[in-house]
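Peer 1: To start, I am sharing the structure in question, which I have written as C-alpha cells.
The values are calculated or read from the model by the stated rules, or taken from the named source; none is laboratory data. Because the structure is predicted, anything quoted here is derived from the model rather than measured. Cβ sites come from the backbone with ideal geometry, for glycine too, and all protein chains shown count toward neighbours. These accessible areas exclude ligands, DNA and RNA; they are computed on the full protein's heavy atoms, side chains included. Shrake-Rupley method; radii C 1.70, N 1.55, O 1.52, S 1.80 Å.
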Amino acid sequence: MSARILVVEDNPMNMKVVLMTLKRHGYTLLEAVDGKEALEVAISERPDLILMDIQLPKMDGLEVTRRLRQMPEFEQTPIIALSAYAMKGDRERGMEAGFDDYLSKPVNTRELPKVIEDMLSKRRGTDSGTEEEHHG
Ligand code: MN
C-alpha cells in the first residue's frame, strides 16, 4: 500500500508543484491549506508523513507541529518543514517544535521524493513491533 502524505501549504502554486511531484511517485495525497485544517486532517486521517509549510493562516506550522507532537499517535510521525525563510535560528526553532527535517522553498522537486523515501524507510526499519527476531 502506498504511503499517505499530508501536504500542508497555503500557496496554491507551491501546493500544485508538491502534489504533482509526489503523485508521480505513487503516494496517496491529502491536503490542508491552513494550520487549523492541517490539525483536523492529520487527526482524522493519520497520514504516514506530513510536509508542513511554516507560514500558514490561522495557526503556523510550528504550532501545528507542537500540538501534534503532544499526541501519542503523532510522536513518531515524520514531519518535514517547508519554509521560504532561511533565517538564522529558524531551523533551530523548527527542530524544537518537533520537525524531523527542514527543506527550504522553492522546493527542489528532485530532492523532495528522496528525502521522503529515506524518512519512510527509516521509519519502517524501526517499526519492528509486529516482527520479533528469534535467535538460535
Ligand atoms: Mn505559507
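Peer 1: If you go through region 1-30, how many residues are assigned to a loop (DSSP other than H, G, I, E, B) and within 13 Å of the ligand (Cβ to nearest atom)?
Peer 2: 3
Peer 1: Looking at (1) closer than 17 Å to Leu6 by Cβ; (2) surrounded by 12 or more Cβ atoms within 10 Å (Cβ to Cβ); (3) modelled with pLDDT under 95, can you tell me which one Gly26 breaks?
Peer 2: Failing condition for Gly26: (2).
Peer 1: Pick out the one residue from Arg110, Arg124, Arg93 that is farther than 22 Å from Glu9 by Cβ, modelled with pLDDT of 70 or more and open to solvent by 100 Å² or more (accessible area, probe 1.4 Å). Outline the logic, then answer.
Peer 2: Details: Arg110 fails: farther than 22 Å from Glu9 by Cβ; Arg93 fails: farther than 22 Å from Glu9 by Cβ.
Sole residue among the options that is farther than 22 Å from Glu9 by Cβ, modelled with pLDDT of 70 or more and open to solvent by 100 Å² or more (accessible area, probe 1.4 Å): Arg124.
Peer 1: May I pose another question? Please find, among Lys36, Lys88, Lys58, the residue that is charged (D, E, K, R) and modelled with pLDDT under 95.
Peer 2: Testing whether each residue is charged (D, E, K, R) and modelled with pLDDT under 95 leaves just Lys88.
Peer 1: Just to check your reading of the model, which residue among Glu31, Glu45, Glu75 is among the acidic types (Asp, Glu), at pLDDT below 95 and under 23 Å from Glu117 (Cα atoms)?
Peer 2: On the way: Glu31 fails: at pLDDT below 95; Glu45 fails: at pLDDT below 95.
Going through Glu31, Glu45, Glu75 in turn, the sole match is Glu75.
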